[in-house]
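Inspection log for the structure reproduced underneath, given as structure tokens.
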Protein chains: 2
Amino acid sequence: MSYTYEFSRPAVTVDLVAFRIHDDALEVYLIRRPEPPFKGHWTLPGGFVHENEALEATALRILSDKTEIGDVYLEQLATFGAPDRDPRDRTISVAYFAILADGDAAGTDGDWFAADAPPELGFDHTSILTVAVQRLRAKLTYSDLGLAFMPETFTLTELQRSFEAVLGQALDKRNFRKSILSSGRVEATGEKSTGGAHPPAMLYRRADGT
Amino acid sequence: MSYTYEFSRPAVTVDLVAFRIHDDALEVYLIRRPEPPFKGHWTLPGGFVHENEALEATALRILSDKTEIGDVYLEQLATFGAPDRDPRDRTISVAYFAILADGDAAGTDGDWFAADAPPELGFDHTSILTVAVQRLRAKLTYSDLGLAFMPETFTLTELQRSFEAVLGQALDKRNFRKSILSSGRVEATGEKSTGGAHPPAMLYRRADGT
């Protein structure tokens, strides 16, 4: 059975906003475009959605093709479809954001930049990045998204520094601890951190045990 | 300048989850599909994205073509792109949800159904509706989305009943009032409601004055 469409078909891409925290700063992964349009500009990594490929699978493929990043938290951000956003042709971009627990995660084609002071980006990628940072900051307060930046076990000081990096502001230590402990999102492991420049501190993990 | 794509182009649609509150119940607007696939099934209103049409413009066009609904709150929900979600061909749907302040808002092609007990829907529209109800409930507690259901002025009792309709559960009157007043999202108009079966009560409006 065949159907005809009265409307032209846009190209559909997935663009990926990959975040990590490194040296107490929120960073985003960018690549230099090797071809026009915007050749030589920094952009978010992205690519066309393949036939028979789910959107999230496209996002994971881009992540594994363009970075050496392993397990991540992945969430659909929003879809960007302004008619003139790609000079080639109508292109609709489904944007995802990824959170990497490994602050040393490496990219193969690009580099990491401070998320609040990126270079000028090609396409509408500056807007996409802005929306992603807003979403991240908003969800930090009412979800356990902030834990996605953490390794398996962490101290509350490390977690607070991660929240501060995302929010771009200092938090009161006592209020932070009270709030995070009463949220039920973390639980003590019963073990203490060793080594490093700090005295031993209680190690915590995600309360769901993952 | 022309470019070639190595990937097939999907069709792109916008599907719309339009909510209203009517007789203290959260309702969703559905239409019966006049043609295959899923001919005769209830579905969310939707349509193809036109050339040179922004995605939000598609959503507004669908709203005005298929309903007699005027001003609404409109927000992008998520994009659904499972490869087999449309038996015709690869079709990616950008879903929006709309909130109607007018509980008597009329549709031209369809009808209103209880959002938590809809008929079986065509395509993956049951999933889209489920995600929309979840988003609505989640955002009720940390945004002023709930006010979008209200007319220009309203009593706190009317607002509470609207929240209860969305959440599907009763709320404590004193806690609700304390929480909504301390949120700064509403302000007293200085006037009282008249008429109706209830004694006069203070009328409120959105704190941004709109």
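State, in square angstrom and to the nearest 100, the accessible area buried between chains A and B, both chains counted, probe radius 1.4 Å.
Working: alone 11850 and 11840 Å², together 20840 Å².
Summing both chains' loss of accessible area gives about 2800 Å².
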Could you check which residue among A:G40, A:G107, A:G122 shows the biggest mean-square fluctuation in a GNM of chain A with a 10 Å Cα cutoff?
A:G40
What angle do you read, to the nearest 10 degrees and between 0 and 90, between the alpha-carbon axis of helix B:156-167 and the longest principal axis of chain B?
30
Taking Cα pairs closer than 8 Å and at least 6 residues apart, the relative contact order of chain A in percent is 21
Put a label point 7 Å from Cα along the Cβ direction on B:T153, then list its distances to the equivalent points in the other copies in nm, shortest first.
6.2
Candidate lysines - alpha carbon under 22 Å from B:K139, same-chain residues fewer than 8 apart omitted:
A:K139, B:K173, B:K178
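On a 1.4 Å probe surface of the protein chains, which of B:R174, B:R161 comes out largest in accessible area, and what is the full order?
Values: B:R174 195, B:R161 95 Å².
Greatest to least solvent exposure: B:R174, B:R161.
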Inter-probe distance in nm under a simple model that places probes 7 Å from Cα toward Cβ, at A:S179 and B:S127
3.5
With the cut-off at 1.5 for a/c, could you classify segment A:116-200 from its C-alpha gyration tensor as rounded, prolate or oblate?
prolate
Choice from A:S182, A:S162, A:S143 showing the highest fluctuation, given a GNM over chain A with Cα pairs closer than 10 Å
A:S182
Contact-by-burial set, segment A:76-92, min loss 30 Å², accessible area of protein heavy atoms with 1.4 Å probe, reference chain alone, gives A:Q76, A:T79, A:P83, A:R88, A:D89, A:R90, A:I92
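Taking a ≥ b ≥ c as the square roots of the Cα gyration tensor eigenvalues, with a/c under 1.5 meaning rounded and otherwise prolate when a/b beats b/c, else oblate, which class fits the protein assembly as shown? Mind showing how you got there, number by number?
Details: a/c = 2.03, a/b = 1.11, b/c = 1.83.
Oblate, since a/c reaches 1.5 and b/c is not below a/b.
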Starting from the Cα of A:M202, step 7 Å toward the Cβ, then list every residue of segment A:163-182 with an amide N under 13 Å from that point.
A:177-182
From the label point of A:H22, set 7 Å from Cα along Cα→Cβ, how far away are the matching label points in the other copies, in nm, ordered shortest to longest?
5.5
Simple spin-label estimate for B:Q169/A:L171, 7 Å along Cα→Cβ, in nm, reads 2.6
Compare each residue of segment A:130-159 in its chain alone against the assembly with all protein chains, and report those whose accessible area goes down by 50 Å² or more; 1.4 Å probe, heavy atoms.
A:Y142
Explain nothing, just the number: dipole magnitude of segment A:21-140 about its Cα centre with +1 on each Lys and Arg Cβ and -1 on each Asp and Glu Cβ, in debye rounded to the nearest 20.
440
Compare B:L140, B:L16, B:L44 in a GNM of chain B, Cα atoms joined below 10 Å, and give the one with the largest fluctuation.
B:L140
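Set the Förster distance to 22 Å, then compute FRET efficiency between A:E35 and A:S8 from the Cβ-Cβ distance, nearest 0.05. Before the final figure, lay out the partial values.
Working: r = 23 Å, r/R0 = 1.07.
Efficiency, from the Cβ-Cβ distance: 0.40.
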Residue-normalised 222 nm signal for chain B, counting each DSSP H run of n ≥ 4 as -39,500 (n - 2.57), nearest 500 deg cm²/dmol, is -7500 deg cm²/dmol
Looking at segment A:29-55, which residues lose a minimum of 50 Å² of accessible area between their chain alone and all protein chains in place, measuring with a 1.4 Å probe and not counting ligands or nucleic acids?
A:F48, A:L55
How many percent of DSSP beta bridges within the protein assembly as shown run antiparallel, rounded to 5?
75
Quick check for you: with a 1.4 Å probe and neighbouring chains kept, what is the accessible area per residue of chain B, in Å²?
50
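Can you give me the % of accessible surface on chain B that is carbon or sulfur? Probe 1.4 Å, all protein chains present, nothing else counted.
Working: 4890 of 10410 Å².
Roughly 47 percent of what the probe reaches on chain B is carbon or sulfur.
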Could you tell me how far the Cα centroid of segment B:77-114 sits from the Cα centroid of segment A:112-161, in Å?
31
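The values are calculated or read from the model by the stated rules, or taken from the named source; none is laboratory data. Here the structure is a predicted model, which means the values were calculated and not measured. Here Cβ is always computed from backbone atoms with ideal geometry, including for glycine, and neighbour counts include all displayed protein chains. Accessible surface areas use protein heavy atoms only, side chains included; no ligands, DNA or RNA. Shrake-Rupley method; radii C 1.70, N 1.55, O 1.52, S 1.80 Å.
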